[in-house]
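Below: one structure, written as structure tokens.
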Amino acid sequence: MAKVLMIHPDKCTGCRNCELACSFEHESRFRPGASRVQAYTWEREGMSVPMMCQQCDDAACVKVCPTGAMHRSTTLANLVDWDERVCIRCKMCTVACPFGNARYDAASSSIFKCDTCQGAPECVTFCPNGALEFVDDEQQVRSRKKAYAAKFKEAFQEVS
Amino acid sequence: MFGWTGTTLRVDLTKGTITREATDLELAHDYLGARGMGGKIMIDEVAPDTDALSPANKLIFSPGPLTGTFAPSAGRFEVVTKAPLNNVIAGSNSGGAFGPELKYAGYDALIIEGKAAKPVYLWIKNDEVEIRDASAVWGHTTPDTTDLVRAETDEDAKVACIGPAGEHLSPIANIMNEMHRAAGRSGVGAVMGSKNLKAIAVFGTGAVTVADPDRFKAAVMKARKLIQAHPVGGTGLKAYGTDVLVNILNQTGALPTRNYQDGYFPTADKTGGESLAAKQLVRPKGCFSCIISCGRVTKVDNPAYAGYGEGPEYESAWAFGADCGIDDLDAITKANFLCNEHGIDTISLGSTIACAMELFELGVITAKDTDGVQLTFGNVPAMVEMTRKACTGEGFGAKLAQGSYRLAESYGHPELSMTCKKQETPAYDPRGVQGIGLNYATNNRGGDHVRGYTIAIEVLQNGAVMDPRVTEGKADLDITFQNLTGALDSAGACLFSTFGIGAGELAEMLSAVTGVEYSVDEFMKIGERIWNQERLWNLKQGYTTDDDALPKRLLTEPIKTGPAKGEVNHLDKMLPEYYQLRGWDEKGVPTKAKLKELSLA
Amino acid sequence: MTVKYFATIRTYTGESERRFDDAPATLRELLAALAARYGNLFRNAAFAGDALNPEIIILVNGRNVLYLRGLDTPLAQEDEVSIFPMVAGG
Ligand code: SF4
Ligand code: SF4
């Protein structure tokens, strides 16, 4: 079954272990600037939100890519993959992604975009708070729906 | 080179010069970084008789070799300088993300010397470093300063700054980073203020490299598992924060109450972590690379004390709570917010207000001294008002901001200052817990708990247990904790990681990161070296065995109520053994042989 | 006798303290009675098999029972028993 990455900002503490794990996986060193996931913290509010590629079905980055370097993976479902050999570094994908989730890194001359570590995302392994999850694509809808249902249940329980 | 970046940044604010030098890696092997390296730089570069608030003092910001990696809960840095409070080598440890950012910008340490002619801030973006005018931010609180400096530099910059207390040179002023994390103790904020340095903003895009990535990852996975499986590291601290300690110390009879007049506070539960979680907690927060998340994002709705911020930690909740005879958590949290916003140490200020309350109740000071306030124990609005005044330095607040020793001494009653080496002792009563008393007395920065946290064994049953009421074995216990913490601080790790891992795991991670093999023995030896180095500095400051002491009250006035009723501390039974086990002579001076063994002579 | 609960133990008991008119003779008896009252979460926190769970801290009148007689610590009507999970801070 296909799996998708889900973010739960309500559980995120802003520790950035995800960024460290991501950069370590890709470069064997710690460079948050190389991480494909970023956890942003608003210090006044004490809120943190992890951000990463959504592996869109109708992906803007794939559409604008003139060489086919950015493409839907044929081996892994739910993955928009980037082929560095085909890429000409025109950076169109970084402009097209509405979330800013595709980035150009001058230091390594690469496009940085989540590749789900080819189906085994390290950020999920290292997130200590369950704020990142890699779940079955159906499961994620079901669990979210059920979570909402539970909220309704609570509300109705209180009035009845 | 791995772990270390290899570069140290030096900024001379008098001359306006910025230089980069190679980090001395030989020294780094022996002192790691952070507290150890910072202390070594102090000893090598600053004359012991330097006035702490003069341009000749240096202010060092130093992360450790683990900082910036994903070693669990090891993203810390240390602020090292000569302490305005008590002349020791101040080493104030803080978390957040400032330390890692300094590493990513390329630096093992930032050394600040001299004094700017007018208020400035420092902007470090990798190797572009600028000293900039700070006249527009001078006078602002720490959150406002952070926002203003970010607006002029980079919205993702990490900012460490002082508040009004540091500008006013309060010897208990701290340095705040990312708005809520504090390098809290010994007055490091006043040194920054004396240099006219309002803030440091850092943005780094570089990397921290690792000698053996596979070995490191394996070591980290193991350490994470141990911490996560531990009842405290894994769940307890995240659920309740450090303030969960209020109840266990109170039920043990060792919660100092009303300026240590007692060791038990009947309504303490109202100020504990359980109450905080139920009433004020918005969400837990973690420092960089932390898997524990003890931080508290908190909110007070009560209009009298409304506010939003972080904390309080246990020590702060105690200082403004039981120590002032107060059980109103809203007021305590408000006082904590005020301290963070104005950049002043909560432990020292809370304890100083408690001291003033006792002076007031004894009639030594009156409402004439306190700007008309009835400063009695348990007076909630008075406590918050005095906190505010100390923060801004107005009226009687200017005296409070000097810390309890200077305050009590100015009225002829230094014995009412609950301090060791002029620094306020924290939230564990040495009459109910013997070993922590020995730690307070011998601690190189004076009244301090983190550098010799025997509470873990004496009260918290963490791994091993020792009866808090006995003195036997406590000298050895203290020394082990003091040495362990010296090395752990210098590696960049958080003390709370010890709720799960120990020297073995830390040494393994350190070896894998740096490529320098550290055994457990060598790791502990580094801690011992650092302890002795700090001791040597203190001896040069004129501290003697007479200063390895506790406030007289703790030795002669038994606890009045509660489970430890009737107890006093028996420091005299522990201190000689401590000196002996340390390899010091009977005057507390390290022997030649010991110094040689530690490569300090 | 008063028994006080703290931190996560409180979430197992749903109350922060309880008074008992007849003190059980020993800590073992008290914990068994509490386990019967509060259920398995409490039982598992208190016991490891028949022994005291090393991850629970129990004070009788402020003294850790490890320095008294453990589960055999005798209890009296005027005693105050405090039950904590392992906690920490600093
Ligand atoms: S990079 Fe942006 S557009 Fe492309 S798949 Fe990811 S989120 Fe969608
Ligand atoms: S590791 Fe998890 S909790 Fe930490 S910043 Fe990333 S998403 Fe948030």
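The values are calculated or read from the model by the stated rules, or taken from the named source; none is laboratory data. Nothing here was measured: the structure is a model prediction, and the numbers come from that model. Note that we place each Cβ from the backbone using ideal geometry, even for glycine, and neighbour counts take in every protein chain shown.
Could you check region B:397-447 and list, in sequence order, the residues that are within 18 Å of residue B:568 (Cβ to Cβ), in contact with a strand residue (DSSP E or B) (Cβ under 7 Å, 6 or more places away or on another chain) and not β-branched (Val, Ile, Thr)?
Once the filter is applied, which keeps residues that are within 18 Å of residue B:568 (Cβ to Cβ), in contact with a strand residue (DSSP E or B) (Cβ under 7 Å, 6 or more places away or on another chain) and not β-branched (Val, Ile, Thr), region B:397-447 yields B:418, B:440, B:441, B:447.
Within region B:71-78, does at least one residue satisfy the condition of being in contact with a strand residue (DSSP E or B) (Cβ under 9 Å, 6 or more places away or on another chain), within 14 Å of chain A (Cβ to nearest Cβ) and surrounded by 22 or more Cβ atoms within 10 Å (Cβ to Cβ)?
The answer is yes; a qualifying residue exists.
What number of residues in region B:476-498 are in contact with a strand residue (DSSP E or B) (Cβ under 9 Å, 6 or more places away or on another chain), modelled with pLDDT of 95 or more and either not small (Gly, Ala, Ser) or not in a helix (DSSP H, G or I) (or both)?
Residues in region B:476-498 being in contact with a strand residue (DSSP E or B) (Cβ under 9 Å, 6 or more places away or on another chain), modelled with pLDDT of 95 or more and either not small (Gly, Ala, Ser) or not in a helix (DSSP H, G or I) (or both): 2 in total.
Criterion first (facing chain B (nearest Cβ under 9 Å) and under 11 Å from the mean Cα position of the chain (by Cα)) does residue C:29 satisfy it?
So residue C:29 does not fit the description; no.
So which residues in region A:108-121 are within 16 Å of ligand 1 (Cβ to nearest atom), farther than 19 Å from residue A:4 by Cβ and polar (S, T, N, Q), if there are any at all?
A:110
Here is a yes/no grid of residues against (1) within 14 Å of chain C (Cβ to nearest Cβ); (2) under 25 Å from the mean Cα position of the chain (by Cα):
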site	(1), (2)
B:192	no, yes
B:198	no, yes
B:201	no, yes
B:209	no, no
B:221	no, no
B:227	yes, yes
B:230	yes, yes
B:233	yes, yes
B:241	yes, yes
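I want to confirm something. Restricting to region A:24-42 and keeping residues that are within 19 Å of residue A:129 (Cβ to Cβ) and among the hydroxyl-bearing types (Ser, Thr, Tyr), which single residue is farthest from the other protein chains (Cβ to nearest Cβ)?
This residue is A:35.
What are the residues in region A:7-23 that are more than 7 Å from every other protein chain (Cβ to nearest Cβ) and β-branched (Val, Ile, Thr), if any?
Matches in region A:7-23: A:7 only.
Can we say residue B:270 is assigned to a helix (DSSP H, G or I) and under 24 Å from residue A:47 (Cβ atoms)?
Here the answer is no, as residue B:270 does not meet what is asked.
If you go through region C:69-90, how many residues are of a type in the set (Ser, Thr, Tyr) and either more than 7 Å from every other protein chain (Cβ to nearest Cβ) or more than 13 Å from the chain's Cα centre (by Cα) (or both)?
1
Consider residue A:96 carefully, then state whether it is crowded, with 16+ Cβ neighbours inside 10 Å and touching a helix residue (DSSP H, G or I) at 6+ places or on another chain (Cβ under 9 Å).
In short, yes.
Conditions tested, residue by residue: (1) more than 16 Å from ligand 2 (Cβ to nearest atom); (2) β-branched (Val, Ile, Thr).
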position	(1), (2)
A:58	yes, no
A:65	yes, no
A:69	yes, no
A:74	yes, yes
A:77	yes, no
A:86	yes, yes
A:93	yes, no
A:99	no, no
A:102	yes, no
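Is it true that residue B:147 is in the same structural domain as residue B:77 (by TED's automatic domain parsing), among the acidic types (Asp, Glu) and assigned to a helix (DSSP H, G or I)?
Yes; evaluated as a whole, the condition is true for this residue.
Quick one: which strands (runs of 3 or more DSSP E) sit completely within chain C and have at least 2 residues that are surrounded by 19 or more Cβ atoms within 10 Å (Cβ to Cβ)?
Passing ranges, in order: C:2-5, C:56-60, C:80-85.
Within region C:5-23, can one find any residue that is more than 9 Å from chain B (Cβ to nearest Cβ), touching a Lys or Arg at 6+ places or on another chain (Cβ under 7 Å) and within 24 Å of residue B:236 (Cβ to Cβ)?
Looking for residues that are more than 9 Å from chain B (Cβ to nearest Cβ), touching a Lys or Arg at 6+ places or on another chain (Cβ under 7 Å) and within 24 Å of residue B:236 (Cβ to Cβ), one finds at least one in region C:5-23, hence yes.
Among the candidates B:182, B:199, single out the residue that is touching a helix residue (DSSP H, G or I) at 6+ places or on another chain (Cβ under 6 Å) and not in a helix (DSSP H, G or I).
Residue meeting the stated conditions: B:199.
Look at residue B:592 and say whether it is free of Cβ contacts under 8 Å to residues at least 24 places away in the same chain and either closer than 26 Å to residue B:46 by Cβ or basic (Lys, Arg) (or both).
Taking the combined requirement at face value, the residue satisfies it.
Among what's in region A:44-61 and is in contact (Cβ under 8 Å) with a residue 40 or more places away in the chain, aliphatic (A, V, I, L, M) and within 14 Å of chain B (Cβ to nearest Cβ), pick the residue that is farthest from ligand 1 (Cβ to nearest atom).
A:49
Looking at A:101, A:17, can you tell me which residue is closer than 28 Å to residue B:66 by Cα and either in contact (Cβ under 8 Å) with a residue 24 or more places away in the chain or near ligand 1 (Cβ under 9 Å from one of its atoms) (or both)?
Going through A:101, A:17 in turn, the sole match is A:17.
Could you say which residue among B:258, B:296 is within 13 Å of chain C (Cβ to nearest Cβ), within 24 Å of the chain's Cα centre (by Cα) and basic (Lys, Arg)?
None of the others qualify; the one that does is B:296.
Each row is one residue, and each column tells you yes or no for (1) in contact with a strand residue (DSSP E or B) (Cβ under 9 Å, 6 or more places away or on another chain); (2) surrounded by 14 or more Cβ atoms within 10 Å (Cβ to Cβ); (3) under 21 Å from residue B:477 (Cβ atoms); (4) assigned by TED's automatic domain parsing to the domain that holds residue B:458.
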residue: B:559; (1), (2), (3), (4): yes, yes, no, no
residue: B:563; (1), (2), (3), (4): yes, yes, no, no
residue: B:575; (1), (2), (3), (4): no, yes, yes, yes
residue: B:579; (1), (2), (3), (4): no, yes, yes, yes
residue: B:584; (1), (2), (3), (4): yes, yes, yes, yes
residue: B:589; (1), (2), (3), (4): no, yes, no, yes
residue: B:592; (1), (2), (3), (4): no, no, no, yes
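Identify all residues within region A:1-25 that are of a type outside the set (Lys, Arg) and out of contact with any helix residue (DSSP H, G or I) (no Cβ under 6 Å at 6 or more places or on another chain); write none if there are none.
Scanning region A:1-25 gives A:1, A:5, A:7, A:8, A:9, A:10, A:12, A:13, A:14, A:15, A:20, A:24.
Per-residue answers, yes or no, for (1) within 15 Å of ligand 1 (Cβ to nearest atom); (2) more than 22 Å from residue B:289 (Cα to Cα); (3) at pLDDT 95 or above:
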position	(1), (2), (3)
A:92	yes, yes, yes
A:96	yes, yes, yes
A:106	no, yes, no
A:123	yes, no, yes
A:126	no, no, yes
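I'd like to check something: does region B:264-277 contain any residue that is within 30 Å of residue C:6 (Cα to Cα), within 21 Å of the chain's Cα centre (by Cα) and away from chain C (no Cβ under 11 Å)?
No, because not a single residue in region B:264-277 is within 30 Å of residue C:6 (Cα to Cα), within 21 Å of the chain's Cα centre (by Cα) and away from chain C (no Cβ under 11 Å).
I want to confirm something. Restricting to region A:70-90 and keeping residues that are under 30 Å from residue B:206 (Cβ atoms) and more than 12 Å from ligand 1 (Cβ to nearest atom), which single residue is surrounded by the fewest Cβ atoms within 10 Å (Cβ to Cβ)?
A:85
Looking at region B:273-290 only, could you name the residues that are more than 16 Å from ligand 2 (Cβ to nearest atom) and assigned to a strand (DSSP E or B)?
Within region B:273-290, B:281 is the sole residue that qualifies.
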